[in-house]
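Below: the structure, in structure tokens.
The values are calculated or read from the model by the stated rules, or taken from the named source; none is laboratory data. Note that the coordinates shown come from a computational prediction; the quantities given were computed from them, not determined experimentally. Every residue, glycine among them, receives a Cβ derived from its backbone with ideal geometry; neighbour counts consider all protein chains shown.
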Amino acid sequence: MPVRRGHVAPQNTFLDTIIRKFDGQNRKFVIANARVENCAIIFCNDGFCDMWGYTRAEVTQKPCTCSFLYGPHTGRPAVAQMAKALLGSEERKVEIALYRKDGETLSVYRVL
């Protein structure tokens, strides 16, 4: 019998609930595992993939800081603020320039 892994394993029904709730609301999001060193992404929805031009396989296991979206105009202070918010427990609103896979720049606000 095959072993079930990932977000379909029985112990992860909480993740299934989150995915079902937010996936149908025109939101783009990732879910990361805070128990591993780089807080690896374990799920991204289709909206996220469409927005940034990456496949789910390319995004999974990348750091939750989404450093693969950084480019030449991504401000280091914004990156530091984002990392601090992800590692801490306070919410922050960060304006940051991120890059699609094709190189197009998108200036976004991320509330973390």
- Query: Has the range 82-95 got any residue that is among the basic types (Lys, Arg) and in a helix (DSSP H, G or I)?
  - Reply: yes
- Kindly provide the set of residues from the range 8-17 that are surrounded by 15 or more Cβ atoms within 10 Å (Cβ to Cβ) and without any contact (Cβ under 8 Å) to a residue 24 or more places away in the chain, ordered by number. ASN12
- Mind listing just one residue for me: the one in the range 84-103 that is of a type in the set (Gly, Ala, Ser) and out of contact with any strand residue (DSSP E or B) (no Cβ under 9 Å at 6 or more places or on another chain) and, of those, farthest from PRO72 (Cα to Cα)? SER89
- Considering only helices (runs of 4 or more DSSP H) wholly within the range 9-59, the ones with at least 1 residues that are over 25 Å from TYR70 (Cα atoms), aliphatic (A, V, I, L, M) and in contact with a helix residue (DSSP H, G or I) (Cβ under 7 Å, 6 or more places away or on another chain) are 13-23
- Residue satisfying all of: in the range 49-61; loosely packed, with under 15 Cβ neighbours inside 10 Å and not aliphatic (A, V, I, L, M); farthest from GLU104 (Cα to Cα) among these: GLN61
- Message: If I filter the range 37-45 for residues that are modelled with pLDDT of 90 or more and of a type in the set (Phe, Trp, Tyr), do I get at least one hit?
- Response: yes
- Residues (surrounded by fewer than 12 Cβ atoms within 10 Å (Cβ to Cβ) and either acidic (Asp, Glu) or in a loop (DSSP other than H, G, I, E, B) (or both)) located in the range 62-78: PRO72, HIS73
